[in-house]
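**Student:** The following block contains the structure, expressed as C-alpha cells.
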Amino acid sequence: MAETARPDGEREPARPPVMVGRHDLPEISERIGAIVLRGALPRGFWLAFFGLFVLVLVFLYSITYLVSVGVGAYGINIPVAWGTMISSFVWWIGIGHAGTLISAVLLLLRQPWRASINRFAEAMTLFAVAMAGLYPILHLGRPWYFYWLLPLPNTHMHWPQWRSPLVWDFAAIATYGVVSLLFWYMGLLPDLAVLRDRARSRGRQLLYGILALGWRGSAFHWARFESSYYMLAALAAPLVVSVHSIVSIDFAYAMVPGYHSTIFPPYFVAGALYSGFAMVVTIAIPLRRAFSVEDLITVRHMDNAAKIMIAAGMIVTYGYVSEAFFAWYSGESYERRMMWSRVVGPYAWMFWAMIVCNAVVLQALWWRRVRRSMPALFVIALAINVGMWLERYVIVVSGPSRGYLPAAWNDQSLTWLDFGIFFGSLGTFLALVFLFVRVLPAITIFEVGELAHERRQAQEGTR
Amino acid sequence: MSRYGLLARFSGPEALSEAARRLRERGYRRIDAFSPFPVPGLAAALGMRGTRLQWAALAGGLLGAAATYALILYSVVIDYPINVGGRALNAWPAYLVLAFEGGILGAALATFFGMLVGNRLPEYHHPVFNARTFSHAAGGGFFLLVEAADPRFRAEETQALLAALGAEHVEEVAP
C-alpha cells in the first residue's frame, strides 16, 4: 500500500494494519483467555461496575413505579401518546443493527478486519435488543398482557391483528433476537473449547465444558460449522434490514403528519447503522485501552467504522433534507405546519441539536487525522449517539403533537421517569457488557488466530 | 493392549493438509484431523463430500414461512373471519411480511441445529480427549488421528508413516 507524505514530513501508512506486530495462536489465546480467567480484576473494573449497578437499581425502581402508577407517569398525554418509550425503543434497536452488520454482512463481504470486533459487537446487539424489547412492553400500560401479541389459543377467542405493523414488529424483533443469539453462540463454540481447556478451577471447567458442547475442532465439524456460519450470516443480513424497515412502518402506516412517508424504511435502516456504529466506537475505544488490546483492535478498525459512519450519516442527512423538501413540495398544509413547528416550535432546540450532532459534527470525519484520533472519534461518536436519540424523539413526538385538528395540539414534556428508565436501561446495557467481557471471550480467538496465521504466511511469502 | 488410534501433531495447517491427503491416497479411511481454526480444503482431503446443511436450511425456511402463513390463513379465513367493508380476508401483502420473518426463523433454527446434529454435538466424551497432547488450551494444535479400526492400520507401520509425513509427535490414544 502506498504511503502518503504528511505536511510535517513524517510518513504515515495510507492504511494502518488490521493487526499490529506478529502474533501466534498460543499468545492470542493466552491473552484473550486471561481477560476471562484471571482471578482478581483491577479496582477500576469494580468501581465502574458499581456505578452501573446503581443505574440497574434505578432502572428496576423506575419500571416498578411505571407499572404501579401507570404510563401517565412519564411524559405522554393525548394526543402525544407515543413518547420516550417508543423513541428509545427505536434507538436501541438501531444500536443493535451495527453488531449484525459487522458480524454478518462483513463476513459475507470477506472483510478480515471484522475478526477482532465481531464478538463484542454481537454481544452489543443481543443486549441492545433485550433493552429495546422491554420498552414497547412497558409502554403497553398493562404490560402483563403482552403475550396477547402471540397467536395463542385462549378463552377470549381473539387473534392478533395480522395486518398491523405492531404485530409484524413483535415477530421481527423476536426473530432477530433468536437469530442473533444463535449466531453469537455458534461463533462462541470454538472459543469456549479454548476456555474449557485453559480453566483451572473445577467450576469454570464445568461451566465452559458444558457450554462448549464437546467441541474438538475436527475438520468435519469445521466444514459444517463454516457452511452453517455463512448461511446464518446470509439469513441475518436481510433480516436486519427487515427489522428496522418494519419498525419504521409502525410510523409510516399511520396517517399522521410527519409519520406517513415512504422514505422511512431506508432512512431508518441507515440511521440504525449510523447510531450502531457510533455505539461500537463508544464501547471499543475504552475497551481496547482498558484491556490493552490496541494491537488487535487497531486504529484501522476505528478508521473503517468512522468511514461507515460517514456513509450512513450522509444517508441520514439526505433523509432530513428530503423530509423537509417533501413536506414543502407536497403542498399539504398539515405536513408543512408540522415541519415548520419542528424547526421553530417547542422542540426546535432538539431539532437543531439533532442537526448539529448528526449532520454537522459528522463532517469532521472526512479528515483522516480526526478518524485516527481516538479522543476526537470518541467525542464525535458520543455526539452521534445523542443526536440519534434526539432524532427518534423528534420524529415520534412532533407528528402527533401537531395533528390535523388544531384543537388537539399539545406538547409533551419529559418527566424524571423518562430519564430514569432511559439512563437505567443504558446502565443495565453497559453492566451486561461488563459481565460479558468478564465471562466470555470478548475477542474471537479462533478468527484472530486464523488472521494472524494468514498474515505470517503472507509475510514469509514476500520475504 | 487396546487403543483407539494414533494421534500425530503437525506444525501447521499446510503440513496437516498434506499429511491428510497422503494418508487418504494410501487408502486410509478412518482418519480425522483437528485444527484451531477452519483449514480450507482439509475436510475434502479427508474425503468429506460437502454437507447437506443447505437443504436443511431451505426446508426449515420453507416450513417456517408456510407454517406462519397457514396459521394466519386459518385464523382470518376459517376460525374468525371478519368482513370489514368487503376487504379481502386473505390480505396477502401484509401476511407476507410475517411469513418472511417465520421463514428466516425456521431457516436459522434448521441451520444451527442441523450443524449440531451433523456434527453429533453435544457429545459428552470422545477418545481423542484421552491424548495427553490434545488440548485447546493454547488455542489448539494441528492433529491427525488415525483410528485403530481403519482397515489399513498397522501400529508400527502407521506410526512410521506419520513420522515420515512430518509429524512432530505421535502418541497412542486410549479408547
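The values are calculated or read from the model by the stated rules, or taken from the named source; none is laboratory data. Since this is a predicted model, take the numbers as computed values, not measurements. Neighbour counts are summed over all protein chains in view; Cβ atoms, including those assigned to glycine, are modelled from backbone coordinates with ideal geometry.
**Student:** Among the residues of the range B:146-165, is any outside any helix (DSSP H, G or I), small (G, A, S) and either under 30 Å from A:L235 (Cα atoms) or assigned by TED's automatic domain parsing to the domain that holds B:A43 (or both)?
**Tutor:** Within the range B:146-165, one or more residues are outside any helix (DSSP H, G or I), small (G, A, S) and either under 30 Å from A:L235 (Cα atoms) or assigned by TED's automatic domain parsing to the domain that holds B:A43 (or both).
**Student:** For the range A:190-205, enumerate the residues that are more than 8 Å from every other protein chain (Cβ to nearest Cβ), among the small types (G, A, S) and farther than 13 Å from A:E30 by Cα.
**Tutor:** Of everything in the range A:190-205, those that are more than 8 Å from every other protein chain (Cβ to nearest Cβ), among the small types (G, A, S) and farther than 13 Å from A:E30 by Cα turn out to be A:S201, A:G203.
**Student:** Just one of A:L52, A:L47, A:L37, A:L25 is closer than 27 Å to A:L296 by Cβ and exposed (fewer than 13 other Cβ atoms within 10 Å of the Cβ); which is it?
**Tutor:** Of A:L52, A:L47, A:L37, A:L25, the one residue that is closer than 27 Å to A:L296 by Cβ and exposed (fewer than 13 other Cβ atoms within 10 Å of the Cβ) is A:L47.
**Student:** Then there is this: Can you confirm whether A:I32 is in a helix (DSSP H, G or I) and surrounded by 19 or more Cβ atoms within 10 Å (Cβ to Cβ)?
**Tutor:** So A:I32 fits the description; yes.
**Student:** Can you tell me how many residues within the range A:445-460 are among the small types (G, A, S) and farther than 14 Å from A:P190 by Cβ?
**Tutor:** 2
**Student:** To continue, here is another question. Check whether at least one residue in the range A:70-79 is on the phi > 0 side of the Ramachandran plot and modelled with pLDDT of 90 or more, and report yes or no.
**Tutor:** For the range A:70-79, residues on the phi > 0 side of the Ramachandran plot and modelled with pLDDT of 90 or more: present.
**Student:** Another question, then. Within the range A:199-227, how many residues turn out to be within 22 Å of B:F142 (Cβ to Cβ) and among the charged types (D, E, K, R)?
**Tutor:** Total meeting the criteria: 3.
**Student:** For the range A:52-90, which residues satisfy the criterion of being free of Cβ contacts under 8 Å to residues at least 12 places away in the same chain and not aliphatic (A, V, I, L, M)?
**Tutor:** Correct list: A:T64, A:S68, A:G72.
**Student:** Another one. Provide a single number: the residues in the range B:102-133 that are under 24 Å from B:R21 (Cβ atoms) and facing chain A (nearest Cβ under 8 Å).
**Tutor:** Residues flagged as under 24 Å from B:R21 (Cβ atoms) and facing chain A (nearest Cβ under 8 Å) within the range B:102-133 amount to 4.
Residues checked against (1) modelled with pLDDT of 95 or more; (2) of a type in the set (A, V, I, L, M, F, W, C):
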site	(1), (2)
A:I355	yes, yes
A:V360	yes, yes
A:G387	yes, no
A:V394	no, yes
A:Y404	no, no
A:A407	no, yes
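**Student:** Consider only pairs whose beta carbons are under 6 Å apart and that are at least six residues apart or on different chains; among these, list those whose first residue lies in the range A:207-231 and is closer than 17 Å to B:S135 by Cβ and whose second residue is hydrophobic (A, V, I, L, M, F, W, C) and assigned to a strand (DSSP E or B).
**Tutor:** A:G217/B:F34; A:S218/B:F34
**Student:** Does A:A270 fit the bill of being within 14 Å of chain B (Cβ to nearest Cβ) and surrounded by fewer than 24 Cβ atoms within 10 Å (Cβ to Cβ)?
**Tutor:** Considered against the rule, which asks whether it is within 14 Å of chain B (Cβ to nearest Cβ) and surrounded by fewer than 24 Cβ atoms within 10 Å (Cβ to Cβ), A:A270 comes out as no.
**Student:** A follow-up question, please. Restricting to the range A:28-39, what's the tally of residues that are within 14 Å of chain B (Cβ to nearest Cβ) and over 20 Å from A:R114 (Cα atoms)?
**Tutor:** Number of matching residues: 4.
**Student:** Just the residues that are farther than 20 Å from B:P127 by Cα, touching a residue at least 40 places away in the same chain (Cβ under 8 Å) and either in a helix (DSSP H, G or I) or within 12 Å of another protein chain (Cβ to nearest Cβ) (or both), please, taken from the range B:17-36.
**Tutor:** B:E18, B:A19, B:R22, B:L23
**Student:** Sticking with this structure for a sec: Can you tell me how many residues in the range B:71-94 are loosely packed, with under 13 Cβ neighbours inside 10 Å and assigned to a helix (DSSP H, G or I)?
**Tutor:** Summing the residues that are loosely packed, with under 13 Cβ neighbours inside 10 Å and assigned to a helix (DSSP H, G or I) in the range B:71-94 gives 5.
**Student:** When you scan the range B:51-70, do you find a residue that is among the aliphatic types (A, V, I, L, M), in a loop (DSSP other than H, G, I, E, B) and either in contact (Cβ under 8 Å) with a residue 12 or more places away in the chain or surrounded by fewer than 22 Cβ atoms within 10 Å (Cβ to Cβ) (or both), even just one?
**Tutor:** No, that holds for no residue.
**Student:** For the range A:153-189, what are the residues that are assigned to a helix (DSSP H, G or I) and within 7 Å of another protein chain (Cβ to nearest Cβ)?
**Tutor:** Result: A:W168, A:A171, A:A172, A:T175, A:V178, A:V179, A:L182, A:M186.
**Student:** Do we have any residue at all in the range A:116-125 that's assigned to a loop (DSSP other than H, G, I, E, B) and within 29 Å of A:Y229 (Cα to Cα)?
**Tutor:** The answer is yes, given that some residue of the range A:116-125 is assigned to a loop (DSSP other than H, G, I, E, B) and within 29 Å of A:Y229 (Cα to Cα).
**Student:** Taking the conditions exactly as written (away from chain B (no Cβ under 14 Å) and either surrounded by fewer than 20 Cβ atoms within 10 Å (Cβ to Cβ) or touching an Asp or Glu at 6+ places or on another chain (Cβ under 7 Å) (or both)), does A:Y147 satisfy them or not?
**Tutor:** Here the answer is yes, as A:Y147 does meet what is asked.
**Student:** What residue, among those in the range A:219-247 that are surrounded by fewer than 24 Cβ atoms within 10 Å (Cβ to Cβ) and among the polar types (S, T, N, Q), is farthest from B:N119 (Cα to Cα)?
**Tutor:** A:S245
**Student:** Is it fair to say A:G214 is touching a Ser or Thr at 6+ places or on another chain (Cβ under 6 Å) and assigned to a loop (DSSP other than H, G, I, E, B)?
**Tutor:** Answer is no for this residue.
**Student:** Another one. Scan the range B:50-58 and tell me whether some residue there is facing another protein chain (nearest Cβ under 9 Å) and at pLDDT below 90.
**Tutor:** Yes, the conditions are met somewhere in the range B:50-58.
**Student:** Restricting to the range A:214-255, what's the tally of residues that are farther than 25 Å from A:S275 by Cα and more than 12 Å from chain B (Cβ to nearest Cβ)?
**Tutor:** Qualifying residue count for the region: 1.
**Student:** Okay, moving on. Within the range A:136-179, how many residues are among the hydroxyl-bearing types (S, T, Y), under 19 Å from A:V240 (Cα atoms) and free of Cβ contacts under 8 Å to residues at least 60 places away in the same chain?
**Tutor:** Residues meeting the conditions: 0.
**Student:** A further question follows. Condition first: surrounded by fewer than 24 Cβ atoms within 10 Å (Cβ to Cβ) and in contact with a Lys or Arg (Cβ under 6 Å, 6 or more places away or on another chain). Now tell me which residues in the range A:79-108 satisfy that.
**Tutor:** Scanning the range A:79-108 gives A:S87, A:L106.
**Student:** Let me ask something else. Please go through the range A:384-434 and pick out each residue that is part of a helix (DSSP H, G or I) and of a type in the set (D, E, K, R).
**Tutor:** Across the range A:384-434, the qualifying residues are A:E391, A:R392, A:D418.
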